[in-house]
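The values are calculated or read from the model by the stated rules, or taken from the named source; none is laboratory data. Fair warning: this is a prediction, and the values are worked out from it, not measured in the lab. Note: ideal-geometry Cβ built from the backbone for every residue, glycine included; neighbour counts use all protein chains shown. Keep in mind that these areas ignore ligands, DNA and RNA; they rest on the heavy atoms of the full protein, side chains included. Shrake-Rupley method; radii C 1.70, N 1.55, O 1.52, S 1.80 Å.
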Amino acid sequence: FEWSYSLLCPEEQDAFNSLGAFVGGFTLETAAQCIANERINTAEAIDLIGRLVDRSLATVVSEEPLRYTLLETARHYALDRLEARQELTAARDRVAAALLLLLDRAFDEYWSADEVIWLHRFAPEIDGVRAAIDWAAARHDAEHAVGLYGSAWPLFIETDLYAEGRARFEQTVVLLAHTTSGARVARFWQAVASYESMRQFDRARYAAELAAKMHAECADARAHYYDLMLLALNWRGDDAAALAAADSAGRLEEAGWPPRLIIRAPCVRAP
């Protein structure tokens, strides 16, 4: 590795080092976001990754969608280089930020995309998301820890990782006081309500009420609607309260909303 690494130009070395901060592989777009800086634009970052593949220092692991990884030996070498240069913290912060952008996009697409296609695209990100949440929480980085937890809930639920999603609540809830984004906190509580729905009814209602109030303040009608439907589903033994929540949701509903969002409505409104 010393020999192969020494043959790289400085920009290629920096790109290789940055890729060492990923866990479980990466997409070209996400990796390029972490490599690009004031000197290297995104297109140049993509070219650098291609050069590393040509030199067998990065590996293509899937064709559709394209996905890359560093072999473990290469990854550990890259991490050593980052640590020697005192750049490891910054590199992991960039990965957390890039994965949050990816999860936000996954969250938006979740409601209308074909489930199989959506899972094929985003399920491989699980290991990286786990590592990013761990890293951000350990750093007390509220913006990324809370954001990642909130936007990851469709991914954890669709991969049947409810228990892990619930367990990560304790890891991130302590950071809520340190974030100023109302939308991020609202999605955090929506995640809690989604994990606990039809399981721990009291906690699900509490979280759904918080999320609904915050999403109303953010004027996010679709998220507010979903929260109210979760609230209605978890009113056990109080049909009047459940119907009231469902009626409030119904007043928000718009034609053309994706089926995944409104599929709960018939269950809640059934006599």
Output for the stretch 29-52, where each listed residue is open to solvent by 40 Å² or more (accessible area, probe 1.4 Å) and hydrophobic (A, V, I, L, M, F, W, C): 43, 46
Members of the stretch 9-26 found to be open to solvent by less than 50 Å² (accessible area, probe 1.4 Å), farther than 13 Å from residue 78 by Cα and modelled with pLDDT of 95 or more, listed by number: 9, 26
Checking residue 37 against (1) part of a loop (DSSP other than H, G, I, E, B); (2) touching a Ser or Thr at 6+ places or on another chain (Cβ under 6 Å); (3) not hydroxyl-bearing (Ser, Thr, Tyr), the condition it does not meet: (2)
The stretch 172-214: number of residues that are touching a Lys or Arg at 6+ places or on another chain (Cβ under 7 Å) and of a type in the set (Asp, Glu): 1
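Check the stretch 229-246 and report whether any residue there is out of contact with any Asp or Glu (no Cβ under 7 Å at 6 or more places or on another chain), among the aliphatic types (A, V, I, L, M), in contact (Cβ under 8 Å) with a residue 40 or more places away in the chain and part of a helix (DSSP H, G or I).
First, the residues of the stretch 229-246 that are out of contact with any Asp or Glu (no Cβ under 7 Å at 6 or more places or on another chain): 229-230, 232-246.
Keeping just the survivors that are among the aliphatic types (A, V, I, L, M) gives 229-230, 232-233, 240-246.
Next, from what is left, pick out any that are in contact (Cβ under 8 Å) with a residue 40 or more places away in the chain: 230.
Right, trim to part of a helix (DSSP H, G or I) and you get 230.
Within the stretch 229-246, one or more residues are out of contact with any Asp or Glu (no Cβ under 7 Å at 6 or more places or on another chain), among the aliphatic types (A, V, I, L, M), in contact (Cβ under 8 Å) with a residue 40 or more places away in the chain and part of a helix (DSSP H, G or I).
What residue, among those in the stretch 136-159 that are open to solvent by 10 Å² or more (accessible area, probe 1.4 Å) and part of a helix (DSSP H, G or I), is nearest to residue 103 (Cα to Cα)? Working first, answer last.
Step one: filter the stretch 136-159 for residues open to solvent by 10 Å² or more (accessible area, probe 1.4 Å), giving 137-141, 143-144, 157-159.
With the extra rule that they be part of a helix (DSSP H, G or I), the set shrinks to 137-138, 143-144, 157-158.
Working: 137: 17, 138: 20, 143: 14, 144: 11, 157: 14, 158: 14 Å.
Checking each candidate, the answer is 144.
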Residue in the stretch 110-125 that is most open to solvent (accessible area, probe 1.4 Å), counting only those that are part of a loop (DSSP other than H, G, I, E, B) and in contact (Cβ under 8 Å) with a residue 24 or more places away in the chain: 112
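Would you say residue 191 is closer than 20 Å to residue 148 by Cα, open to solvent by less than 10 Å² (accessible area, probe 1.4 Å) and assigned to a helix (DSSP H, G or I)?
Working: closer than 20 Å to residue 148 by Cα: yes; open to solvent by less than 10 Å² (accessible area, probe 1.4 Å): yes; assigned to a helix (DSSP H, G or I): yes.
Answer is yes for this residue.
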Top-ranked residue in the stretch 160-188 [being aliphatic (A, V, I, L, M) and open to solvent by 50 Å² or more (accessible area, probe 1.4 Å); ranked as nearest to residue 104 (Cα to Cα)]: 183
Selected residue (only one of 75, 67 is farther than 30 Å from residue 263 by Cβ and either in contact (Cβ under 8 Å) with a residue 60 or more places away in the chain or not in a helix (DSSP H, G or I) (or both)): 67
Condition broken by residue 87, with the remaining ones in (1) surrounded by fewer than 19 Cβ atoms within 10 Å (Cβ to Cβ); (2) within 20 Å of residue 183 (Cα to Cα); (3) touching a residue at least 60 places away in the same chain (Cβ under 8 Å) satisfied: (2)
